[in-house]
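Step one of this worksheet: look at the structure below.
What follows is calculated from the coordinates using simple rules that are stated; it is not laboratory data. In this text the structure is predicted, and so the values were computed from the model without any measurement. Here Cβ is always computed from backbone atoms with ideal geometry, including for glycine, and neighbour counts include all displayed protein chains.
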Amino acid sequence: MRFRGCWLLLILFFIFLLLGSVVCIRHFHRFSLFDPDRQVAKVLPEYLQDEHWVSARRESEQTIMPLITRDRKTLQREIKAHTFYRGSTEKKLIALTFDDGPHPDCAPQLVALLQQFHIHATFFVVGTLALKNPQLVRQEYAAGNEIGNHTYHHIQPLKSIPEWEVATEIIADGEVIKSITGVAPHLFRPPGGGFNEGIGTVATALGYTTIMWTDDPGDFDASISTAILTDRLLQRVRNGAVILLHDGGTHTLALLPNLITTLQHRGYQFVTVDELIQQSRTNATASR
Ligand SMILES: [Zn+2]
């Protein structure tokens with residue numbers, strides 16, 4: 001009888017061991033640096049020749065490993081607190097954001113246009129492009145605009161690469177921006193808005209707030225006229241809007257004067273994303 005009891009205990013022990021292993025593997029899998037499936041990653045040979053990327057990769061390995069020990073609920077809370085979709089609906093504030101630059105054919109005119117209207121915006125720049133034209137990023141920043149992180153290579157979708165590579169992309173772009181402006185960025189926008197828990201975890205762990213948007217008029221769409229596109233945008237825009245435009249978009253430069261003038265006449269004020277976040281927090285605190 002006692003002999004049978006021992007067998008039973010042994011079998012139960014092995015079942016628990018098996019279940020425990022499955023849970024651990026699943027948990028580790030989320031942040032695995034050596035996940036064989038996703039290791040097929042888009043690590044192109046030229047990335048490995050790029051000193052900025054290689055140095056960021058080393059740093060990313062140290063950053064990501066401690067995340068494995070964090071519990072999921074804490075992570076989800078942190079990601080939620082560091083993801084921004086729109087500002088307060090109580091104030092007539094709007095943030096213009098320009099992704100994918102700096103582009104030599106567009107960025108200088110964008111900066112001049114914003115200066116002409118005495119407003120500031122936020123530029124989410126791509127690391128490799130910033131390295132080619134650092135003076136453009138310097139110009140944007142010197143004019144009072146904010147510079148945010150839009151990854152080093154603009155890989156899309158970002159969800160298709162492992163977390164360590166997402167971290168590498170963000171760290172490398174952050175380093176490039178800091179080397180140009182002297183200030184480390186703290187706002188991050190994933191290419192194409194592709195976002196999931198892994199990306200949110202990495203961005204949050206690296207000290208970033210992820211910035212999404214409320215309005216995407218499609219300023220790259222050549223099949224539609226600038227006037228129609230601007231009208232659509234003007235009909236939709238509300239308090240606290242974050243408008244997604246592109247440095248180098250087909251309609252960007254053409255739509256801005258009408259957009260800015262009309263919205264200013266409606267009483268809107270243009271601010272950077274950081275200012276929009278601050279104002280929204282002030283509002284939330286005041287209404288408590
Ligand atoms: Zn982009």
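Computed values, structure above
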| item | result |
| --- | --- |
| Relative contact order (%) - the stretch 41-286, alpha-carbon pairs under 8 angstrom, separation at least six | 30 |
| Set of lysines with alpha-carbon distance to Lys159 below 30 Å, sequence-local pairs under 8 removed | Lys42, Lys73, Lys80, Lys132, Lys178 |
| Pairwise label distance in nanometres, Asn258 with Ala184, each label 7 Å out on the Cα-Cβ vector | 4.4 |
| Length released on extending from Gln62 to Glu90, taking residue separation times 0.36 nm less the Cα-Cα span | 5.9 nm |
| For peptides 222-231, 252-261, 159-168, sequence by mean Cβ density within 10 Å, most packed first | 159-168, 252-261, 222-231 |
| Reciprocal mean inverse distance between Cα atoms of the stretch 164-288 - Kirkwood radius, Å | 16.7 |
| Crossing angle, helix 252-265 versus the chain [Cα axis fit, 0-90 degrees, rounded to tens] | 80 |
| For the chain, convex hull of alpha carbons as volume per residue, Å³ | 178 |
| Estimated D of the stretch 209-273 in µm² per second, where Rh is the Kirkwood radius over Cα pairs and Stokes-Einstein applies at 37 °C, 0.692 mPa s | 266 |
| Distribution of pairwise C-alpha distances over the stretch 153-234, 5 Å bins, in % | 3, 13, 22, 18, 13, 13, 10, 8, 1 |
| Percent antiparallel among DSSP beta bridges (both partners in the stretch 41-286, rounded to 5) | 0 |
| Simple label model, 7 Å out from Cα along Cβ direction - His265 to Cys6, nm | 9.2 |
| Rounded tilt (10° steps) of 51-64 against the dominant C-alpha axis of the chain | 50 |
| Phe123 long-range amide H proximity, modeled H, under 5 Å | Phe98, Glu146, Ile147, Gly148 |
| Residues Gln49 and Gln278, FRET efficiency given R0 of 45 Å [Cβ-Cβ distance, rounded to 0.05] | 0.65 |
| Segments 50-56, 262-268 sorted - mean Cβ within 10 Å per residue, highest first | 50-56, 262-268 |
| Rounded tilt (10° steps) of 163-181 against the dominant C-alpha axis of the chain | 40 |
| Computed E for Lys73/Phe14 - FRET, C-beta separation, R0 30 angstrom, nearest 0.05 | 0.50 |
| Computed [θ] at 222 nm, helices only, for the chain once each DSSP H run of length n ≥ 4 contributes -39500 (n - 2.57) | -16500 deg cm²/dmol |
